[in-house]
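What follows is one structure encoded as structure tokens, with my remarks underneath.
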Amino acid sequence: MRFDSIDSLLYFVGGNVKEDTVLIIDEFTYWCRAEPCVLGELQRFVDRYIDRGRLGIIIIGSLVGVMIRSVLGGGTPLYGRANLRLRYPS
């Protein structure tokens with residue numbers, strides 16, 4: 001399968017969830033650097049699909065500072081949408 005945009009990939013996943021599913025995105029910080037629009041598109045995806053209860057999302061990033069400032073920090077599209085933040089080492 002091939003998708004023309006991040007948005008089309010996310011909406012395909014969200015629209016085809018039939019049972020409890022977890023979407024795992026690894027190295028998210030690199031994805032954000034390559035495609036800055038991904039934060040806004042992921043915000044729309046989370047707002048549309050996550051509260052329905054069948055879909056969870058795990059975002060993993062190795063650049064801790066970028067995750068805190070650019071992904072989950074105040075004023076970012078995903079701010080306030082995280083249920084749990086884990087940092088290793090804690």
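Criterion applied to LEU23, LEU10, LEU39 was being touching a strand residue (DSSP E or B) at 6+ places or on another chain (Cβ under 7 Å) and closer than 19 Å to PRO77 by Cα, and the one residue passing it is LEU23. All of ILE50, ILE58 fail the test of being closer than 24 Å to GLY15 by Cα and surrounded by 13 or more Cβ atoms within 10 Å (Cβ to Cβ), apart from ILE50. Could you list, in sequence order, all residues of segment 2-16 that are buried (at least 16 other Cβ atoms within 10 Å of the Cβ) and of a type in the set (Asp, Glu)? Listed by number, the list holds a single entry, ASP7. Exactly one residue out of ARG44, ARG48, ARG81, ARG2 is under 12 Å from the mean Cα position of the chain (by Cα), basic (Lys, Arg) and at pLDDT 85 or above: that is ARG44.
Within segment 1-56, the set of residues being farther than 21 Å from GLY80 by Cα and hydrophobic (A, V, I, L, M, F, W, C) comprises MET1, PHE3, ILE6, LEU9, PHE12, VAL13, VAL17, ALA34.
The values are calculated or read from the model by the stated rules, or taken from the named source; none is laboratory data. Remember, it's a predicted structure, so these values are computed and weren't measured experimentally. Cβ: placed from backbone, ideal geometry, glycine included. Neighbour counts: every protein chain shown.
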